[in-house]
Amino acid sequence: MAALVAFVVSLQAQTVRDEIRKNIRCSASNYMAYPNPVQHELTPAPKGKQPFYISHYGRHGSRYHNKPDTYDIPYLMLAKADSLGKLTRLGRDVLHRLDVIRKDAYERWGELTDLGASQHRNIMRRMVERFPEVFEGWASIDARSTTMTRCILSMENAMLQLSKMRPGVNIHHNATHRDMYYLNQQDRQLFAMKMDSATKVRYDAFAQKHENNDRLMHELFNDSAYVRQHVDAGRLNYHLFKVASNIQSTDVRKNITLYDLFTDDEAYNNWKKENAWWYVCFGGSSINGSLQPYTQRNLLRRIIEQADSCIRLEKPGVQLRYGHETVLLPLVCLLDVNGYGLATDNLESLDKKGWANYKIFPMAANLQLIFYRKNAQDDDVLVKVLLNENEATLPLKRVEEAYYHWKDFRDYYLLKLDAYEQLISKE
């Protein structure tokens, strides 16, 4: 137990501000490219137990921005100013960089990048290397994806890697609207609550405290009066930082950066606003009722029901699911992995309490449940949870360090899901 606790504490020891100062890519929030696991040696299984089944949900890999506006807005704002002679030398240089980035992304909106494909091949490679027993012989692999192309291609790259390493496995993979009710559940009632008028007032007040664009505008424009009258500084900063954050996921990263435009403090404050937004909209924020994680109750129930069915089999194999960060984040919060189920109305305290979005759902983020037993007759099934391939904690009593009784897992979370269903049935 001490080893796992020490590992989790070591991950949280550095402040977010320190981590961003050392690696500004952390400030990218959900645009951070997958960092690969920092834990190379996993806790050995209890004596006699071995892995026999894996249940997984993974976010698609690195991608381009979804909409052309993300690239067009900052480019056109600077291009207009340039036509009027209002840009500094740096401003003109940034305009040139944006032009290159924009052309690279043209007609690729939301598409998986080469890096994103590589991320999923490597995740699968490590999964096979770490848990070879699960993939022996004619192991059964069931892979499902949402109908979004980047998710399908993430799945396919993982399957290509698996086929290369284990040509004998039996792979079934599909992407159908029939699975969308649990792979990407849409709960209109809860979604309407996540940023209602009262919540928006609270969030906007918080975000405004962390808004300071004066220095950047002075660096880009040579006429302060023009900036005051014609430039929406907050909008320009937002989109410049958003473009800067996603460069790390594309081939352009080899030659271009926009991170040089931002000081450490500016990067931290841009991150802090985004972190709070994700927490309010998909986490356990008590500002809007702490209910947003339940948007993924269908997925969690499906995971439990399928696991209950699979562990009855002599060789159940692997179930893989590919989707989005807007699913993985609330699922992690619903499970309260590593304490990410945190419920608070104090947005300033999030990073101090260890709630940092880039640690939960970078590009290609994944949650793996690894099941262990001695043999097919062993009813004492254990489960270990990996978040982004690192051992993680649950709000349950541990058996040995990273391991939990499956019975405790299923009973705890089914009770939690049932309590929510009873709550909404009374409304």
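The values are calculated or read from the model by the stated rules, or taken from the named source; none is laboratory data. The structure presented is a predicted model; accordingly, all values stated were derived computationally and were not measured. Every residue, glycine as well, gets a Cβ built from its backbone with ideal geometry; the counts of neighbours run over all protein chains shown. Remember, those area values only see protein heavy atoms, side chains included, never the ligands or the DNA or RNA. Shrake-Rupley method; radii C 1.70, N 1.55, O 1.52, S 1.80 Å.
Evaluated against (1) under 19 Å from Ile73 (Cα atoms); (2) open to solvent by 10 Å² or more (accessible area, probe 1.4 Å), Leu261 falls short on exactly one condition, (2).
So is Trp277 hydrophobic (A, V, I, L, M, F, W, C), open to solvent by 40 Å² or more (accessible area, probe 1.4 Å) and within 21 Å of the chain's Cα centre (by Cα) or not? If you could, list the steps in order and put the result at the bottom.
Working: hydrophobic (A, V, I, L, M, F, W, C): yes; open to solvent by 40 Å² or more (accessible area, probe 1.4 Å): yes; within 21 Å of the chain's Cα centre (by Cα): yes.
The answer is yes for Trp277.
Within the range 210-234, the set of residues being assigned to a helix (DSSP H, G or I), more than 16 Å from Ser83 (Cα to Cα) and in contact with a Gly (Cβ under 8 Å, 6 or more places away or on another chain) comprises just one member, Glu219. For the range 319-342, a residue qualifies if it is under 13 Å from Gln296 (Cβ atoms) and part of a helix (DSSP H, G or I), and the qualifying residues are Glu325, Thr326, Val327, Leu328, Leu329, Pro330, Leu331, Val332, Cys333, Leu334, Leu335, Val337.
Look at Glu391 and say whether it is touching a residue at least 60 places away in the same chain (Cβ under 8 Å) and either touching an Asp or Glu at 6+ places or on another chain (Cβ under 9 Å) or among the aromatic types (Phe, Trp, Tyr) (or both). Here the answer is yes, as Glu391 does meet what is asked.
When the range 41-68 is filtered for residues that are free of Cβ contacts under 8 Å to residues at least 60 places away in the same chain and either of a type in the set (A, V, I, L, M, F, W, C) or under 30 Å from Thr146 (Cα atoms) (or both), the ones remaining, listed by number, are Asn66, Lys67, Pro68. Checked against the criterion of being of a type in the set (Val, Ile, Thr), at pLDDT 95 or above, under 20 Å from the mean Cα position of the chain (by Cα) and buried (at least 18 other Cβ atoms within 10 Å of the Cβ), the range 51-65 contains one or more residues that satisfy it. All of (1) in contact with a helix residue (DSSP H, G or I) (Cβ under 7 Å, 6 or more places away or on another chain); (2) in contact (Cβ under 8 Å) with a residue 24 or more places away in the chain; (3) not basic (Lys, Arg) hold for Thr149 with one exception: (1). Scan the range 304-327 for residues that are closer than 16 Å to Thr146 by Cα and open to solvent by 10 Å² or more (accessible area, probe 1.4 Å) and the total you get is 4. Looking across the range 328-350, the residues that are open to solvent by 10 Å² or more (accessible area, probe 1.4 Å) and closer than 30 Å to Arg150 by Cα come down to Asp336, Asn338, Gly339, Tyr340, Gly341. Checking each residue in the range 391-409 for being outside any loop (DSSP other than H, G, I, E, B) and buried (at least 18 other Cβ atoms within 10 Å of the Cβ) picks out Glu391, Tyr404, Trp406, Phe409. The set of residues from the range 89-121 being over 30 Å from His40 (Cα atoms), surrounded by 15 or more Cβ atoms within 10 Å (Cβ to Cβ) and among the β-branched types (Val, Ile, Thr) comprises Val94, Ile101. Only one of the numbered conditions (1) among the charged types (D, E, K, R); (2) farther than 17 Å from Glu274 by Cα; (3) in a helix (DSSP H, G or I) is not met by Lys315, and that is (3).
Annotation for the range 362-371: no member residue is over 21 Å from Pro44 (Cα atoms) and of a type in the set (Phe, Trp, Tyr). All of Ser249, Ser245 fail the test of being at pLDDT 95 or above, in contact with a strand residue (DSSP E or B) (Cβ under 8 Å, 6 or more places away or on another chain) and either closer than 14 Å to Arg97 by Cβ or among the polar types (S, T, N, Q) (or both), apart from Ser249. Among all residues of the range 288-297, there is none that is closer than 30 Å to Asp187 by Cβ, crowded, with 20+ Cβ neighbours inside 10 Å and out of contact with any helix residue (DSSP H, G or I) (no Cβ under 7 Å at 6 or more places or on another chain).
Could you tell me whether Gln161 is in a helix (DSSP H, G or I), of a type in the set (S, T, N, Q) and touching a residue at least 40 places away in the same chain (Cβ under 8 Å)? Explain how you work it out, then say what you get.
Values: in a helix (DSSP H, G or I): yes; of a type in the set (S, T, N, Q): yes; touching a residue at least 40 places away in the same chain (Cβ under 8 Å): yes.
Yes, satisfied.
Each residue in the range 122-145 was checked for being farther than 13 Å from Glu314 by Cα, among the charged types (D, E, K, R) and surrounded by fewer than 21 Cβ atoms within 10 Å (Cβ to Cβ), and 5 pass.
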